[in-house]
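Below you'll find the structure, written out as structure tokens, and then a few comments.
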Amino acid sequence: MALKVLKFGGTSVGSAEALLRATAIVRAETPEGGLVVVSALSGTTDRILQALRFASEGDFPEAKSSIQALRIHHESVAHDLGLLPDIAEVWTPLFGRLSGLLEGVGALCEVRPKTRDAALAIGETLSAHLAAALFRASGLAASFAEARDVIKTDGRHGRATPRPAAIRAAAAPWKFRIEKGELLVTQGFIGTGPDGATTTLGRGGSDTSASLLGEALDATEVQIWTDVDGVLSADPSLVSTARLISRMSIAEAQALSSFGAKVLHTGCLAPVARARIPLVVANTHRSEGPGAFRTTITVEAPRREPGSVLSVAYKEDLAMVRLPPEENLARAFRLEAELRDAGATRFAFLAGPEGTVLVVRPEGPHCEAILANLGEDGFSVERNWALVALVGEGLRATPDAALRLLAPFQLDRIGGVFSGASPISLAFLVPQERLLDLVPRLHHLWIEQPELHLETA
Ligand code: ADP
Ligand code: ASP
Ligand code: MG
């Protein structure tokens with residue numbers, strides 16, 4: 001039996017029209033049962049975060065009105081689908097719990113990570129119930145299945161690490177039901193820690209939920225349905241000429257996602273790589289045409305022209321911390337660990353005779369506070385750096401690629417050049433204000449007109 005896991009992102013479930021498209025896709029893709037993972041309706045996670053912030057600042061009326069707006073939006077989508085009376089029964093206690101959590105935050109004037117995860121999970125749960133109700137109303141044998149029963153994590157709030165063996169064991173009853181022809185609908189992004197508390201996998205983590213479940217269920221395919229045709233040669237919001245990549249390797253997808261391509265969550269490639277399951281990215285809004293618009297990602301690398309670049313990615317808002325050479329390396333390791341525990345992502349850690357350089361993306365007030373205090377220790381912190389990464393299996397075979405790819409930057413300030421953990425990416429640290437110009441320029445030079453450069457190499 002072909003067991004497929006389909007994941008629908010926020011915009012794919014953000015309106016009645018999108019949900020109806022998703023239903024048609026589910027019907028076509030899972031005729032004998034399967035698993036559907038849905039994100040919260042688009043904008044929901046941001047709105048819950050905003051409400052938590054208002055509540056923690058003591059602005060309870062604003063917090064309440066954010067949640068009220070969220071409720072109105074959800075109810076209008078359910079109304080458009082003719083599902084409001086049925087779903088209201090399931091939703092009312094969920095909205096009640098959200099209000100209760102906000103009151104707790106207001107009383108403490110603080111959002112604890114555990115409370116934040118519990119509140120965010122409500123957004124995901126509202127949409128999974130809605131999708132299940134819609135699929136059922138459309139005649140599919142669908143039922144809601146609680147993700148927290150299966151996605152077991154290490155318990156770290158805000159950025160939990162999944163435990164694949166525990167997930168596989170917990171997913172066995174789901175596998176049994178799906179093999180009997182059921183369609184299960186579950187939440188993305190959330191799981192539970194060893195203490196049973198709700199955890200989240202980091203923003204955009206529903207992709208990872210889908211691929212973890214694909215691995216645990218021995219799925220034949222994991223499909224990520226989103227608002228673009230697939231993985232493109234650049235972020236289409238920055239490069240209007242970005243092209244669809246029809247086939248790519250998991251290593252290429254991993255590098256792109258690590259360097260900022262938001263279309264796939266960084267955690268979603270490892271599970272499908274371990275299980276050797278193809279990962280397909282497709283457009284919910286353009287599902288017609290067999291295979292016309294989609295990217296298929298597999299462990300096997302497609303053949304690439306040596307030296308060619310497949311895609312350009314970028315990551316903004318980076319900070320570069322410099323530690324002088326006399327500083328003990330142990331201090332640099334401690335600082336790196338401290339920043340990571342506070343929620344920062346590390347992009348580079350270079351130690352040499354001239355000192356140590358740490359490039360991180362700080363996230364949240366805790367990281368900011370650590371960085372703000374570093375000046376007192378004599379360390380320098382430079383803000384507003386960005387990474388631009390060129391990715392492609394074609395780079396593997398060409399050790400001179402770094403120099404050739406750098407040439408167009410002649411006049412630019414470069415904070416560093418990094419070759420990723422895999423030899424298929426090259427990343428340059430550049431001042432952030434150059435991104436709008438550099439990304440389209442690199443795309444033009446290396447993807448739209450590669451023959452000019454490959455010939456002269
Ligand atoms: P979803 O809500 O479906 O999870 P996301 O917003 O997380 O969707 O991811 C899709 C978005 O990723 C696209 O709308 C696009 O702006 C952005 N993106 C960035 N880089 C790329 C890329 N290389 N290819 C496709 N999309 C990209
Ligand atoms: N709803 C969550 C977010 O906005 C998870 C996801 O969409 O993947 O980050
Ligand atoms: Mg996403």
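The values are calculated or read from the model by the stated rules, or taken from the named source; none is laboratory data. Only a predicted model underlies this, so the values are computations on that prediction, with no experimental measurement involved. All Cβ positions, even for glycine, are placed from backbone atoms using ideal geometry, and neighbour counts span all protein chains on display. Ligands, DNA and RNA are excluded from the accessible area calculation, which covers all protein heavy atoms including side chains. Shrake-Rupley method; radii C 1.70, N 1.55, O 1.52, S 1.80 Å.
For the reader, a short list of remarks on this structure follows.
- A Förster radius of 35 Å combined with the Cβ-Cβ distance from LEU406 to GLU62 puts the calculated FRET efficiency at roughly 0.10.
- Gyration tensor verdict on region 168-210 (Cα atoms; rounded if a/c is under 1.5, prolate if a/b is larger than b/c, oblate otherwise): oblate
- For peptides 152-164, 351-363, 269-281, sequence by mean Cβ density within 10 Å, most packed first: 269-281, 152-164, 351-363
- Set the Cα radius of gyration of the chain against 2.2 N^0.38 Å, with N its number of residues, and you get 1.01.
- For ALA261, the shell of other residues with beta-carbons less than 12 Å away shows a net charge of -1, using +1 for Lys and Arg and -1 for Asp and Glu.
- Neighbour net charge for ASP227 - beta-carbon separation under 12 angstrom, K R +1, D E -1: +2
- Working note: 222 nm ellipticity from helices only, DSSP H runs with n ≥ 4, each -39,500 (n - 2.57), summed and divided by the residues of the chain, gives -13000 deg cm²/dmol to the nearest 500.
- HN-Hα J in Hz across region 345-362 - Karplus 6.51, -1.76, 1.60, θ = phi - 60°, x for Gly and Pro: 9, 8, 10, 7, 8, 10, 10, x, x, 8, x, 10, 10, 10, 10, 9, 10, x
- Between ASP154 and VAL417, residue separation times 0.36 nm minus the direct Cα-Cα distance comes to 91.3 nm.
- Applying 0.36 nm per residue to the separation of ARG53 and GLU300 and subtracting their alpha-carbon distance, the gain on full extension is 84.4 nm.
- The string of couplings for region 256-269 from the Karplus curve (6.51, -1.76, 1.60, θ = phi - 60°) is 4, 5, 4, 8, x, 5, 5, 4, 10, 5, 4, x, 8, 7 Hz, one whole number per residue in order, with x for Gly and Pro.
- Distant-in-sequence amide contacts of ALA344, defined by a placed amide H-H separation under 5 Å and a gap of 5 or more residues or a different chain, comprise GLU363.
- The Kirkwood hydrodynamic radius of region 185-279, based on inverse pair distances between different Cα atoms, is 14.2 Å.
- Enclosed volume per residue, in Å³, of the convex hull spanned by Cα atoms of region 310-457: 121 Å³
- Base-10 log of normalised Debye intensity for region 1-113 (one unit scatterer per alpha-carbon) at q = 0.17, 0.20 Å⁻¹: -0.88, -1.06
- Inter-probe distance in nm under a simple model that places probes 7 Å from Cα toward Cβ, at GLU368 and SER99: 3.1 nm
- Partners for LYS114 among lysines (Cα-Cα distance below 26 Å; same-chain residues under 8 apart left out): LYS7, LYS64, LYS152, LYS262
- Accessible area (Å², 1.4 Å probe, nearest 10) - ILE250: 10 Å²
- Using θ = phi - 60° in the Karplus curve 6.51 cos²θ - 1.76 cosθ + 1.60, the 3J(HN,Hα) couplings for region 111-120 round to 9, 7, x, 5, 5, 4, 4, 5, 5, 5 Hz; x is entered for Gly and Pro.
- When both region 242-287 and region 157-197 are represented by their alpha-carbon centers, they are found 21 Å apart.
- Trypsin sites (Lys or Arg not before Pro) lying in DSSP loop within region 177-257, provided at most 14 other Cβ fall within 10 Å: LYS180
- R0 of 25 Å, Cβ-Cβ distance HIS79-GLU288: FRET efficiency to nearest 0.05: 0.40
- Electrostatic bookkeeping for THR284 treats Lys and Arg as +1 and Asp and Glu as -1; over the other residues with beta carbon under 9 Å from its beta carbon, the sum is +1.
- Label sites at LEU20 and THR92, each approximated as a point 7 angstrom past Cα along Cα to Cβ, lie 2.9 nm apart.
- Between the listed residues VAL263, HIS74, LEU126, the Cα displaced farthest toward the positive end of the dipole of the chain, a dipole computed from Cβ unit charges relative to the Cα centre, is found at LEU126.
- Counting only protein heavy atoms and a probe of 1.4 Å, the accessible surface of region 360-442 is 56% carbon and sulfur.
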